[in-house]
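J.: Provided herewith is a single structure, encoded as structure tokens, for subsequent inquiry.
The values are calculated or read from the model by the stated rules, or taken from the named source; none is laboratory data. Note that the structure is a prediction, hence the values are computed from the model and not measured. Every residue, glycine as well, gets a Cβ built from its backbone with ideal geometry; the counts of neighbours run over all protein chains shown. SASA here: full protein model, heavy atoms, side chains in, ligands and nucleic acids out. Shrake-Rupley method; radii C 1.70, N 1.55, O 1.52, S 1.80 Å.
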Amino acid sequence: MTKKWDIVIIGGGLSGFVAANYLAKTGFSILLLERGNKVGGRARTDEMKQQYFNLGPHALYKKGVAKPILEELGVNLSGKSPKVAGTLLENNIEYAAPFSPLGLLTTSLLNCKERIEWVKVLMKVMTINKEKLVQHTFEQWVKQTTHSKKVQSLLFLLGRLSTYCHAPEVVSAKVMLSHLQLVAGGVLYLDNGWQTMIDQLHNKAVMTGVQVQPQTTVKQIIKVDDYFKVLLSNGEEILGKYVLNTTGPDELYKMLPKMSSISQNGFTAVKGATLDVALTKLPNPQVLFALGLTDPLYYSVHSNAARLSQDNKSTILHVFRYYHPEDEIDGNSIKIELEQFLERLQPGWQNYVITSRFIPQITVNQRLPKLGDEQTLHRSKTGIPGLYIAGDWVSPDYILSEGAISSGKQAAEAIIQEAMR
Ligand SMILES: Cc1cc2nc3c(=O)[nH]c(=O)nc-3n(C[C@H](O)[C@H](O)[C@H](O)COP(=O)(O)OP(=O)(O)OC[C@H]3O[C@@H](n4cnc5c(N)ncnc54)[C@H](O)[C@@H]3O)c2cc1C
């Protein structure tokens, strides 16, 4: 006879495991299904030649909603904050980034008037009431806030850095400013990579009785009376009283062909390209963090703050290209662009490579937080009793791990409430 589970969770990323940990405390029987052969989703860390590579640059917000949830679940977060000082590049000219008092005083990017304007704008960013921005795109807010082109490009750059979103003309000012405020509270680069969060959540879940099944792809979810049939790609069938789906919206839509009010949601994913590099040494050890001022490029040496190799001697850095949703992506030229950006900052880096990895296109967040998404999100709350969703696209207010982790907790609480009724 097919076993009937109280809860079937689809997806073994941050949101799935956070939910599993909250649900496991209640004594439900829980099965977590993961398509990959390893758990972690996009919070996975891959070990290559004894070097730990996150899937591109990953930083945890120190003042966000995710950290307290992880701590509540007993996850130990070891790591350090990178320094805010760094370099901005524009037309091959380097400027000190005006993100620290020293950078602000020394940068040749801004004249005296622009410096004062920048400080005023930063204070506004920190104190603004975000609820008043629900009708604004980020671009509208930036242009209303300052007429200085330089200060505008600094705001666009900080927006990209905080959210990975590179479409200021459509993204919600409210979401962008929330995340800008979070970044201002500092970030953590985690020792041994983000896999440490996943491993701890995974172990705790398993210890409390959650059954985790990797290499299992869900094809369809069918509601039958008061339970769900979860059909797998290998033809097997699993029964669950409640289902929590933590995949992206496209995958969810495919699983629910006829039964739901969810329409092909119209969400756009936030994407980018990443070049992850391990070096025996840095040719230019002074340069640890740099951004393109208008070119959507990022560089940061993560091993300067976190232990990211077995012997803790090598240098792990990430170079990243933010994509606009309408970018036509040619992987080869993007790779050259990232390598040249790195060459500009670390001349001769190729001589010190232990290992590297280039991913031309990766989904950073399953939903670009566009202005007006709230209504679409509301419609996508499946409306099917017993079927819940979580993930980095589900929350109207948070994206990235903030959205994944907070929605995982919320979905678990909603299931518990429903089950106790
Ligand atoms: C390059 C990059 C940089 C990032 N940087 C940051 C950062 O600095 N700060 C930050 O907060 N966040 C960052 N993020 C985002 C963060 O990694 C994600 O938001 C978070 O990991 C998403 O977790 P999730 O559980 O919602 O989704 P996922 O991790 O995608 O988990 C969903 C899981 O579902 C599985 N699945 C999908 N379909 C099926 C199916 N049919 N059957 C079974 N299983 C299925 C997938 O394999 C996956 O494991 C970054 C992401 C990337 C890619």
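J.: Within segment 70-78, identify whether any single residue is β-branched (Val, Ile, Thr) and farther than 24 Å from Gly403 by Cα, and answer yes or no.
T.: Within segment 70-78 (the criterion being β-branched (Val, Ile, Thr) and farther than 24 Å from Gly403 by Cα), the answer is no, since none of the residues qualifies.
J.: Give segment 162-184 a look and list any residue that's assigned to a helix (DSSP H, G or I), within 14 Å of the chain's Cα centre (by Cα) and not aliphatic (A, V, I, L, M), or say none.
T.: Ser162, Thr163, His179
J.: Could you tell me whether Glu117 is within 30 Å of Ser407 (Cβ to Cβ), out of contact with any Phe, Trp or Tyr (no Cβ under 7 Å at 6 or more places or on another chain), away from the ligand (no atom under 16 Å from the Cβ) and not β-branched (Val, Ile, Thr)?
T.: Here the answer is no, as Glu117 does not meet what is asked.
J.: State whether one or more residues within segment 75-87 are more than 15 Å from Tyr189 (Cα to Cα), assigned by TED's automatic domain parsing to the domain that holds Leu256 and among the aliphatic types (A, V, I, L, M).
T.: no
J.: Would you please name the residue that is most open to solvent (accessible area, probe 1.4 Å), looking only at residues in segment 204-232 that are in a strand (DSSP E or B) and within 11 Å of the ligand (Cβ to nearest atom)?
T.: Out of the qualifying residues, it is Lys219.
J.: Let me ask another. If the Cβ limit is 9 Å and pairs must be 6+ apart or interchain, which residue in segment 11-40 that is assigned by TED's automatic domain parsing to the domain that holds Gly248 and of a type in the set (Ser, Thr, Tyr) pairs with which residue that is part of a strand (DSSP E or B) and surrounded by fewer than 21 Cβ atoms within 10 Å (Cβ to Cβ)?
T.: Thr26/Asp6; Ser29/Lys4; Ser29/Asp6; Ser29/Gln211
J.: More than 20 Å from Thr274 (Cα to Cα), near the ligand (Cβ under 9 Å from one of its atoms), surrounded by 15 or more Cβ atoms within 10 Å (Cβ to Cβ) and at pLDDT 95 or above: does that describe Leu14?
T.: Criteria met by Leu14.
J.: Considering only residues that are open to solvent by 10 Å² or more (accessible area, probe 1.4 Å) and touching a residue at least 24 places away in the same chain (Cβ under 8 Å), look in segment 233-247 and name the one that is farthest from the ligand (Cβ to nearest atom).
T.: Going through the qualifying residues, I end up with Lys241.
J.: So if I check each of Asp327, Asp392, Asp397, which one is within 16 Å of the ligand (Cβ to nearest atom), free of Cβ contacts under 8 Å to residues at least 12 places away in the same chain and either open to solvent by less than 40 Å² (accessible area, probe 1.4 Å) or of a type outside the set (A, V, I, L, M, F, W, C) (or both)? Break it down stepwise before answering.
T.: Numbers: Asp392 fails: free of Cβ contacts under 8 Å to residues at least 12 places away in the same chain; Asp397 fails: free of Cβ contacts under 8 Å to residues at least 12 places away in the same chain.
Of the residues listed, the single one that is within 16 Å of the ligand (Cβ to nearest atom), free of Cβ contacts under 8 Å to residues at least 12 places away in the same chain and either open to solvent by less than 40 Å² (accessible area, probe 1.4 Å) or of a type outside the set (A, V, I, L, M, F, W, C) (or both) is Asp327.
J.: Going by the conditions given, is Tyr352 among the hydroxyl-bearing types (Ser, Thr, Tyr) and closer than 27 Å to Pro168 by Cβ?
T.: Spelling it out, it is not the case that Tyr352 is among the hydroxyl-bearing types (Ser, Thr, Tyr) and closer than 27 Å to Pro168 by Cβ.
J.: Could you run through segment 367-410 and say how many residues are part of a helix (DSSP H, G or I), modelled with pLDDT under 95 and of a type in the set (A, V, I, L, M, F, W, C)?
T.: So in segment 367-410, the residues part of a helix (DSSP H, G or I) come out as 373-380, 400-410.
If we keep only those that are modelled with pLDDT under 95 too, we end up with 373-380.
Filter again for of a type in the set (A, V, I, L, M, F, W, C), leaving 377.
The qualifying residues number 1.
J.: Of the residues in segment 80-105, how many are within 22 Å of Thr294 (Cβ to Cβ) and surrounded by 13 or more Cβ atoms within 10 Å (Cβ to Cβ)?
T.: 16
Yes/no matrix, rows are residues, columns are (1) polar (S, T, N, Q); (2) part of a helix (DSSP H, G or I); (3) open to solvent by less than 50 Å² (accessible area, probe 1.4 Å); (4) over 25 Å from Glu169 (Cα atoms):
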site: Thr294; (1), (2), (3), (4): yes, no, no, no
site: Arg321; (1), (2), (3), (4): no, no, yes, no
site: Ile334; (1), (2), (3), (4): no, yes, yes, no
site: Glu343; (1), (2), (3), (4): no, yes, no, yes
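J.: If Gln410 satisfies all but one of (1) within 14 Å of the ligand (Cβ to nearest atom); (2) in contact (Cβ under 8 Å) with a residue 40 or more places away in the chain; (3) open to solvent by 60 Å² or more (accessible area, probe 1.4 Å), what's the number of the condition it fails?
T.: Condition not satisfied by Gln410: (2).
J.: Being assigned to a strand (DSSP E or B), assigned by TED's automatic domain parsing to the domain that holds Ile405 and open to solvent by 60 Å² or more (accessible area, probe 1.4 Å) is the requirement here; does Lys254 meet it?
T.: no
J.: Hey, another quick one. Of all residues in segment 148-161, which are part of a helix (DSSP H, G or I) and more than 18 Å from Thr268 (Cα to Cα)? Outline the logic, then answer.
T.: At the first step, the residues of segment 148-161 found to be part of a helix (DSSP H, G or I) are 149-161.
Those that are part of a helix (DSSP H, G or I) and more than 18 Å from Thr268 (Cα to Cα): Lys149, Lys150, Val151, Gln152, Ser153, Leu154, Leu155, Phe156, Leu157, Leu158, Leu161.
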